[in-house]
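First the structure, in the form of structure tokens, and then the observations on it.
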Amino acid sequence: MKIVVAVKQVPERDAQLAVRADGRWIDEGDLNYAINEPDAYALEEALQLKEALQQVGQPDAEVIALCAGPERVASTLRDALAKGADRAIHIRADDLAERDTLALVALLAETIRVESPDLILTGLQSDDLGLGQTGVVLAELLEIPHATLILRVKVLHDEANPAALPKRVEVKRELEDGWFQHVELPLPALLTIQSGGNRLRYATLMGIKRAKAKETRTVEATPATATPSVALERVYLPEKQKRTEMLKGTPAEIAAQIVEKLRFEVRVL
């Protein structure tokens with residue numbers, strides 16, 4: 001069974017961000033980067049699935065880490081290899097900021113079609129933009145079933161022949177108000193993984209050493225040809241505003257005005 005995990009490299013969560021001079025994005029000059037947290041959970045889910053498959057007699061189960069971006073994303077792919085991914089694919093693209101979701105996903109889909117995986121995992125959303133679009137758009141381009149908000153994945157084996165290549169998976173989806181949904185999907189399929197479903201593993205010293213010998217294939221991205229349907233016009237820090245308003249009337253009238261503002265303007269009641 002072949003599992004592809006699409007990961008994204010994002011600035012570390014505690015990084016001090018500054019807006020670029022042109023106001024179109026953040027200044028990336030002195031930032032440290034890490035794997036997107038939901039994608040880290042997707043990788044962990046893939047590694048656990050691989051280990052479970054090996055226990056039932058499928059030693060060829062394989063996890064492939066896939067990432068698009070400039071040269072620096074190689075460090076995120078090395079981390080994925082150190083944690084247990086079998087090989088990695090780097091889609092070399094220096095213009096991700098100029099591509100919308102559809103253009104980015106088209107790059108991923110082009111490479112994934114060549115691999116023909118049985119299962120594709122992505123994080124639910126990215127820590128930087130938080131759009132939550134990559135997984136579902138990718139499934140549409142690949143024309144395969146998909147499910148979102150996944151906390152757990154279970155491969156359904158043929159009871160008569162557990163070592164046979166699985167054809168279906170059962171997933172646990174997180175809904176609202178503490179409710180969950182269990183769904184079966186045929187393979188191949190795509191799942192977007194919710195954070196918190198597993199405990200993330202650390203890369204061991206042995207894993208780091210083994211990662212050096214694992215394959216990382218670099219694919220040059222095709223140039224963006226279409227005009228983005230969505231463009232980021234401006235990035236800015238929240239603007240602080242001060243305003244003083246004098247309330248008039250009797251104490252009861254002033255109290256009523258305060259309650260109304262707290263309820264409808266501040267929205268804390």
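Among the residues of region 107-115, are any assigned to a strand (DSSP E or B), surrounded by fewer than 18 Cβ atoms within 10 Å (Cβ to Cβ) and at pLDDT 95 or above? No: zero hits.
Those residues that are under 16 Å from Leu108 (Cα atoms) and touching a residue at least 60 places away in the same chain (Cβ under 8 Å), I need them from region 136-155; list them, please. The answer is Leu138, and nothing else. Leu141 fulfils the conditions (1) outside any strand (DSSP E or B); (2) touching a strand residue (DSSP E or B) at 6+ places or on another chain (Cβ under 9 Å); (3) modelled with pLDDT of 95 or more; (4) over 21 Å from Pro59 (Cβ atoms) except for a single criterion, (2). Filtering region 226-244 to residues that are among the charged types (D, E, K, R) and more than 26 Å from Val105 (Cα to Cα) leaves Glu239, Lys240, Lys242, Arg243. Among the residues of region 223-269, those that are loosely packed, with under 11 Cβ neighbours inside 10 Å, modelled with pLDDT under 90 and either polar (S, T, N, Q) or outside any loop (DSSP other than H, G, I, E, B) (or both) comprise Thr225, Thr227, Ser229, Gln241, Thr244, Phe264. For region 38-61, the condition holds for at least one residue, the condition being that it is under 30 Å from Glu239 (Cβ atoms), at pLDDT 90 or above and under 19 Å from the mean Cα position of the chain (by Cα). Out of Gln58, Gln54, Gln9, Gln48, one residue alone is over 30 Å from Ala163 (Cβ atoms) and among the polar types (S, T, N, Q). It is Gln9.
Taking region 144-167, which residues are over 16 Å from Tyr41 (Cβ atoms) and at pLDDT 95 or above? Listed by number, the residues that qualify are Ile144, Pro145, His146. Being in contact (Cβ under 8 Å) with a residue 12 or more places away in the chain, outside any strand (DSSP E or B) and not basic (Lys, Arg) is the filter here, so list the residues in region 201-222 that pass it. Hits for region 201-222 are Tyr202, Ala203, Thr204, Gly207, Ile208, Ala211, Glu215, Ala221, Thr222.
Every residue, every condition in (1) hydroxyl-bearing (Ser, Thr, Tyr); (2) exposed (fewer than 14 other Cβ atoms within 10 Å of the Cβ); (3) assigned to a helix (DSSP H, G or I), yes or no:
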{"position": "Gln16", "(1), (2), (3)": "no, yes, no"}
{"position": "Arg24", "(1), (2), (3)": "no, no, no"}
{"position": "Leu31", "(1), (2), (3)": "no, no, no"}
{"position": "Asp39", "(1), (2), (3)": "no, no, yes"}
{"position": "Thr76", "(1), (2), (3)": "yes, no, yes"}
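Look at Asp94 and say whether it is assigned to a loop (DSSP other than H, G, I, E, B), of a type in the set (Asp, Glu), closer than 27 Å to Ala203 by Cα and out of contact with any Leu (no Cβ under 6 Å at 6 or more places or on another chain). Answer is no for this residue. Give region 107-127 a look and list any residue that's among the small types (Gly, Ala, Ser) and either free of Cβ contacts under 8 Å to residues at least 40 places away in the same chain or within 13 Å of Glu62 (Cβ to Cβ) (or both), or say none. Selection gives Ala109, Ser116.
The values are calculated or read from the model by the stated rules, or taken from the named source; none is laboratory data. Note that the structure is a prediction, hence the values are computed from the model and not measured. Note that each Cβ is placed from the backbone with ideal geometry, even for glycine, and that neighbours are counted across all protein chains shown.
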